[in-house]
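Okay, so here's the structure we're looking at.
Read-outs throughout are calculated quantities, based only on the coordinates presented, and are distinct from any laboratory measurement. Here the structure is a predicted model, which means the values were calculated and not measured. Note: ideal-geometry Cβ built from the backbone for every residue, glycine included; neighbour counts use all protein chains shown.
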Amino acid sequence: MTSDPAVRPPLDKSRLTGIGSDEIPDVTIEVVETAASTNALAVRRAQEGAADGHVVVAEHQTAGRGRLDRTWETPPGTALTFSMVLRPVVPTRSWPWLPLLTGYAVGKALKAQGYDAGVKWPNDVLIGDKKVAGILIERIETRDGPAAVVGVGLNVGMRTDELPVPTATSLAIEAGDAGPDRTEVLLSVLSTLREAYDAWQAGGDHTGLRLAESYADACVTVGQDVRVDLPDGSVLTGRATRVDPGGRLVVDGPDGPTPVAAGDVVHVRPLDQ
């Protein structure tokens, strides 16, 4: 796969690495040319003592990882692939909200840029019914205590023939042009994510309830008929009715309302109008 550097310029490394606290507080950005996986690199940085808010972004990721150990490679210059080290101090019971918070923040940043983005539970970001961003969160132990590595892969400049699957899309395809500047998109997403994360950390249970309401409003899965492939190999079908205070998707199935903490969700048909 090739890319035209005149059409797909590199990230503005000097701007990203020189970012100040007045632009995005408590974030430092490390730009690398190539990485097999930014999550793997961020895990290493966390174990080496990287502070909360350290971001690793790759110009080209060659072996990105998703849920269920899925891997992919994107054409150089067409995607944003980055991972952020976070060290939450909220109670352990609140950690399951971090993947949902991340999906919500990415979707919110894209909506602010004019895209009709929403979140498929738990954290796939869609435009319409097609996936534009995927998120992988890993909890790890470090000498400074537990940390989370938040990985995001966002399709920015891909053409239709460069998409990994037919159910994906990119910002360029949705806009009908070459796509936005990746540096600007990255700064917007990081700013929105940092703001949401800091509010979640500071606000206790009350802020958690507000996050649950905001997430439910952005979650396009609520109100859908769904099929959920559960981790034990079983399948649950029914209507997704809400997201509970623990971040679980509640599916009204054959045995009544069933909360789902993990699983692959397929939207069976569009929302009723």
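Among 255, 181, a tally of other beta-carbon atoms within 10 Å of each Cβ gives an order, fewest to most, of 255, 181.
Taking the Cβ of each residue in 116, 252 as the centre, tally the other Cβ atoms inside 10 Å and list the residues starting with the fewest.
Numbers: 116 11, 252 14.
The most exposed by this proxy come first: 116, 252.
Here the calculated FRET efficiency for residue 160 and residue 266, from their Cβ-Cβ distance with R0 = 25 Å, stands at 0.65, rounded to the nearest 0.05.
Working note: Karplus 6.51/-1.76/1.60 with θ = phi - 60° gives region 31-37 the couplings 9, 10, 5, 9, 9, 4, 8 Hz, where Gly and Pro are set to x.
Go ahead and set up a Gaussian network model of the chain, Cα springs under 10 Å, then flag whichever of 246, 18, 118 fluctuates most. Of 246, 18, 118, the most mobile in the Gaussian network model is 18. Going 7 Å from the Cα of residue 142 toward and past its Cβ, which residues in region 86-109 have a backbone nitrogen under 17 Å from where you end up? Within reach of a label on residue 142, which here means backbone N under 17 Å from a point 7 Å along Cα→Cβ, region 86-109 contributes 86-90. Spin-label model, residue 229 to residue 202: label points 7 Å out along the Cα-to-beta-carbon direction sit 4.1 nm apart. For the chain, a Gaussian network of Cα nodes joined below 10 Å ranks 96, 88, 166 by mean-square fluctuation, and the top entry is 166.
Remark on residue 30: its backbone amide H falls under 5 Å from those of 55, 56, 57, a criterion applied only to residues 5 or more positions apart or on other chains, H modelled at 1.01 Å from N.
Region 99-157 to region 12-26: how many Å between their Cα centroids? Spelled out, the Cα-based centre of one part sits 21 Å from the other. This ranking places 139, 45 by how few other beta-carbon atoms lie within 10 Å of each, fewest first, which gives 139, 45. Annotation: for a label point projected 7 angstrom from Cα along Cα→Cβ of residue 36, residues of region 131-175 with backbone N closer than 20 Å are 136-141, 149-153. Entry note, the chain: relative contact order of 15 percent, from Cα contacts under 8 Å with a spacing of 6+ residues. For the chain, what is the number of Lys pairs with C-alpha distance below 16 angstrom, counting only pairs 8 or more positions apart or on separate chains? Total qualifying Lys-Lys pairs in the chain comes to 7.
How far, in nm, would the chain grow between residue 51 and residue 22 when pulled straight, counting 0.36 nm per residue and subtracting the alpha carbon separation? Write out the running numbers ahead of the final one.
Details: separation 29, 0.36 × 29 = 10.44 nm, distance 1.80 nm.
Answer, rounded to one decimal: 8.6 nm.
For the options 21, 188, 83, a Gaussian network treatment of the chain with springs between C-alpha atoms closer than 10 Å singles out 21 as fluctuating the most. Spin-label model, residue 177/residue 258: points 7 Å from Cα along the beta carbon direction are separated by 4.7 nm.
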